[in-house]
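S.K.: Okay, here's the structure, questions in a sec.
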Amino acid sequence: MKTAKFGGSSLASAAQIRKVCDIITADTSRRLIIVSAPGKRTAQDTKVTDLLIQAAEARLTHQDGEQEMGLVEARYVEIASGLGLEQDDVDPIIADLRHRLQADTADEGLFLDTMKAAGEANSARLTAAFLRHRGVDAHYVDPGEAGMILSDEPGNARVLTQSYGRLRGLRDRAGITIFPGFFGYTEAGRLVTFPRGGSDITGAILAAAVDAELYENFTDVDSVFAASPRLIDAPAPVDEITYREMRELSYAGFSVFHDEALEPVVRAGIPVAVKNTNNPAASGTRIVTTRQVGDTPVVGIAATAGFCTVYVSRYLMNREIGFGRRLLEIFEDEAIPFEHTPSGIDNLSIIVREDFFDHAAEERVLRRIRHELDADEVSVKRGLALVMVVGEGMSHTVGLAARATAAFRQAGVNLEMMNQGSSEVSMMFGVKDHDVDDAVCSLYTEFFPSDH
Ligand code: ASP
């Protein structure tokens, strides 16, 4: 049994949904299908999820949200008529959207998540209806009924382990199951959504729960690329990549998958195939546990901005037992996650995301470090970007750091920090935000010379 997830661009129009249904029916093992909400049809278009959020926000600010919801309804009506569906298939969708818009807004989190989930719920209904229209035995399944139980964190829910056992029952359902991504229910029956982009999370959970032979993730590119096509013209395609390589690259801004989305399949050891709905014949990218490393030690290069460094120094820090723990405890108390901790003999830097470290947090943390740890020097540098060079072959290839730093020198990029993770599957460089594009381009030219 294969589990296939289709992203928003694959559900954006009737023409796209026809392609999706062709793909589903082309392989009888594709029996569990996860769909996103209709995405953008053109670069200027608005995703249905964003329209739903606008409608919800209108209601939360005491407007009626009718205009925004009208746009959502129009999208579904247009798709349904393009698919040649009957009024009987459209009426329940319109009724569902109306019902959600009129829901009680007293619990804002619940209301917002109920609205956001309408995108996926109704695109799954439409897809199932269209498959039935074509004579295929397809069924919409509600995540609550199927057993998708999530933590009570609106907009940021996580799957609870008991879900896996319950969702396993999906294996035994007849025909093709069309499952909406992005949402589930708490134990108490409250609707909650994953973070944005969370249909990928649903797909991976279901693949793990039913022990799928393959988790196919259909999107709108032929494969994962070795670097961002925004920066590199026609970057090298990646045929095969390991989970940990993908994790490192996703961390550093590869937008192929939601960060959390691989965890369930990694734990279950289920291979993933990234494929293109618009070109299903292309072989795509396979994400696997292990792979043969060929001549190229580097698989990809990625970068992400928005970090800052909190630098702390104290003479004889290395001799002082508990200094590091007490320093990190301050971040823990302030609920600021730390990302990396490069260190010297008498100094430690804590790298955090700027999103978690506004100026008020900075003032509190710095005051506490000075008082509680009696540090000699404490300072903060903002505007740091992290650049990652990733590849399983890196651990046994000599001279990669030299090549990377030579590339930076040539491009005039100043290095703020270097860190080779203990896994040796990646090297990380800290550079100033404004140098980040040059840093990526220079590394790409160095490690993928023939493709440039
Ligand atoms: N529709 C949701 C979003 O736009 C979830 C998803 O597409 O994965 O974030």
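S.K.: When you go through 245, 334 one by one, which is the residue that is buried (at least 21 other Cβ atoms within 10 Å of the Cβ) and acidic (Asp, Glu)?
M.R.: Exactly one residue qualifies, and that residue is 245.
S.K.: Among the helices (runs of 4 or more DSSP H) contained in the stretch 311-412, which hold 3 or more residues that are in contact (Cβ under 8 Å) with a residue 24 or more places away in the chain and within 30 Å of residue 246 (Cβ to Cβ)? I'd like the intermediate steps shown before the answer.
M.R.: Numbers: elements: 323-333, 359-373, 400-411.
The qualifying helices (runs of 4 or more DSSP H) are 400-411.
S.K.: Also: Which members of the stretch 182-219 meet the condition of being modelled with pLDDT of 95 or more and on the phi > 0 side of the Ramachandran plot?
M.R.: Across the stretch 182-219, the qualifying residues are 182, 189, 211.
S.K.: Restricting the stretch 1-17 to residues that are assigned to a loop (DSSP other than H, G, I, E, B) and touching a Pro at 6+ places or on another chain (Cβ under 9 Å), which is farthest from the ligand (Cβ to nearest atom)?
M.R.: Step one: list which residues in the stretch 1-17 are assigned to a loop (DSSP other than H, G, I, E, B), which gives 1, 7, 12-13.
Narrowing further to those that are touching a Pro at 6+ places or on another chain (Cβ under 9 Å): 12-13.
On the way: 12: 11, 13: 15 Å.
Within the stretch 1-17, the match that is farthest from the ligand (Cβ to nearest atom) is 13.
S.K.: Right, another one. Of everything in the stretch 18-33, what is among the aliphatic types (A, V, I, L, M), more than 15 Å from the ligand (Cβ to nearest atom) and either closer than 17 Å to residue 72 by Cα or assigned to a helix (DSSP H, G or I) (or both)? Give them in sequence order.
M.R.: Once the filter is applied, which keeps residues that are among the aliphatic types (A, V, I, L, M), more than 15 Å from the ligand (Cβ to nearest atom) and either closer than 17 Å to residue 72 by Cα or assigned to a helix (DSSP H, G or I) (or both), the stretch 18-33 yields 23, 24, 26.
S.K.: Starting from the stretch 187-199, keep only residues that are farther than 15 Å from residue 52 by Cβ and charged (D, E, K, R), then list their pairs with residues that are more than 16 Å from the ligand (Cβ to nearest atom) and assigned to a loop (DSSP other than H, G, I, E, B) whose Cβ atoms are within a distance under 7 Å, requiring at least 6 positions of separation or different chains.
M.R.: 190/152
S.K.: A follow-up question, please. Against the definition (touching a strand residue (DSSP E or B) at 6+ places or on another chain (Cβ under 9 Å), aromatic (Phe, Trp, Tyr) and free of Cβ contacts under 8 Å to residues at least 40 places away in the same chain), how does residue 429 come out, yes or no?
M.R.: Spelling it out, it is not the case that residue 429 is touching a strand residue (DSSP E or B) at 6+ places or on another chain (Cβ under 9 Å), aromatic (Phe, Trp, Tyr) and free of Cβ contacts under 8 Å to residues at least 40 places away in the same chain.
S.K.: Pick from 223, 255: which is modelled with pLDDT of 90 or more and of a type in the set (Gly, Ala, Ser)?
M.R.: Within the list 223, 255, the selection yields 223.
S.K.: Please give the number of the condition residue 89 fails out of (1) assigned to a helix (DSSP H, G or I); (2) among the acidic types (Asp, Glu); (3) modelled with pLDDT of 95 or more.
M.R.: With (1) assigned to a helix (DSSP H, G or I); (2) among the acidic types (Asp, Glu); (3) modelled with pLDDT of 95 or more applied to residue 89, the lone miss is (3).
S.K.: Looking only at residues in the stretch 299-321 that are closer than 30 Å to residue 445 by Cα and among the hydroxyl-bearing types (Ser, Thr, Tyr), which one is surrounded by the most Cβ atoms within 10 Å (Cβ to Cβ)?
M.R.: Going through the stretch 299-321, the residues closer than 30 Å to residue 445 by Cα turn out to be 299-309.
Checking the rest, the ones that are also among the hydroxyl-bearing types (Ser, Thr, Tyr) come to 304, 309.
Details: 304: 16, 309: 19.
Among them, the one singled out is 309.
S.K.: Residue 36 - would you say it is within 15 Å of the ligand (Cβ to nearest atom), in contact with a strand residue (DSSP E or B) (Cβ under 8 Å, 6 or more places away or on another chain) and closer than 30 Å to residue 286 by Cβ?
M.R.: Considered against the rule, which asks whether it is within 15 Å of the ligand (Cβ to nearest atom), in contact with a strand residue (DSSP E or B) (Cβ under 8 Å, 6 or more places away or on another chain) and closer than 30 Å to residue 286 by Cβ, residue 36 comes out as yes.
S.K.: Moving on. So which residues in the stretch 74-93 are of a type outside the set (Ser, Thr, Tyr) and surrounded by 17 or more Cβ atoms within 10 Å (Cβ to Cβ), if there are any at all?
M.R.: To start, the set of residues in the stretch 74-93 that are of a type outside the set (Ser, Thr, Tyr) comprises 74-75, 77-80, 82-93.
Within the stretch 74-93, 75, 79, 80, 83, 85, 89, 90, 93 meet the criteria.
S.K.: Counting just the residues of the stretch 192-216 that are more than 14 Å from the ligand (Cβ to nearest atom) and in a strand (DSSP E or B), which one comes out farthest from residue 269 (Cα to Cα)?
M.R.: Going through the qualifying residues, I end up with 216.
S.K.: I've got another one for you. Kindly provide the set of residues from the stretch 70-82 that are within 16 Å of the ligand (Cβ to nearest atom) and without any contact (Cβ under 8 Å) to a residue 40 or more places away in the chain, ordered by number. It would help to see each step written out before you state the result.
M.R.: Of the residues in the stretch 70-82, the ones within 16 Å of the ligand (Cβ to nearest atom) are 71-72, 75-76, 79.
Residues satisfying the conditions are 71, 75.
S.K.: I'd like the full set of residues that are surrounded by 15 or more Cβ atoms within 10 Å (Cβ to Cβ) and away from the ligand (no atom under 13 Å from the Cβ), limited to the stretch 39-53.
M.R.: The answer is 41, and nothing else.
S.K.: Taking into account only those residues within the stretch 21-38 that are touching a helix residue (DSSP H, G or I) at 6+ places or on another chain (Cβ under 6 Å) and surrounded by fewer than 24 Cβ atoms within 10 Å (Cβ to Cβ), which is nearest to residue 211 (Cα to Cα)?
M.R.: Here the answer is 30.
S.K.: Which members of the stretch 331-345 meet the condition of being modelled with pLDDT of 95 or more and over 18 Å from residue 381 (Cβ atoms)?
M.R.: 332, 333, 334, 335, 337
S.K.: Now a separate question. With (1) farther than 14 Å from residue 275 by Cα; (2) among the charged types (D, E, K, R); (3) more than 16 Å from the ligand (Cβ to nearest atom) as the list, and residue 57 as the residue in question, which single condition is left unmet?
M.R.: Residue 57 satisfies all of (1) farther than 14 Å from residue 275 by Cα; (2) among the charged types (D, E, K, R); (3) more than 16 Å from the ligand (Cβ to nearest atom) except (3).
S.K.: While we're here: Looking only at residues that are in contact with a Gly (Cβ under 7 Å, 6 or more places away or on another chain) and assigned to a strand (DSSP E or B) in the stretch 94-141, which one is surrounded by the most Cβ atoms within 10 Å (Cβ to Cβ)?
M.R.: The extreme case among them is 138.
S.K.: Looking at this structure, is residue 369 surrounded by 14 or more Cβ atoms within 10 Å (Cβ to Cβ), under 30 Å from the mean Cα position of the chain (by Cα) and modelled with pLDDT of 95 or more?
M.R.: The answer is no for residue 369.
S.K.: Starting from residues that are within 10 Å of the ligand (Cβ to nearest atom) and out of contact with any Leu (no Cβ under 8 Å at 6 or more places or on another chain), keep the ones in the stretch 175-191 and report whichever is farthest from residue 125 (Cα to Cα).
M.R.: Filtering the stretch 175-191 down to residues within 10 Å of the ligand (Cβ to nearest atom) leaves 180-183.
With out of contact with any Leu (no Cβ under 8 Å at 6 or more places or on another chain) added as a condition, the list becomes 180-182.
Values: 180: 8, 181: 12, 182: 15 Å.
Applying the filter and picking the extreme gives 182.
The values are calculated or read from the model by the stated rules, or taken from the named source; none is laboratory data. Remember, predicted model here, so these are calculated numbers, not experimental data. Because the Cβ atoms are built from the backbone with ideal geometry, glycine has one as well, and the counts that use them run over all protein chains shown.
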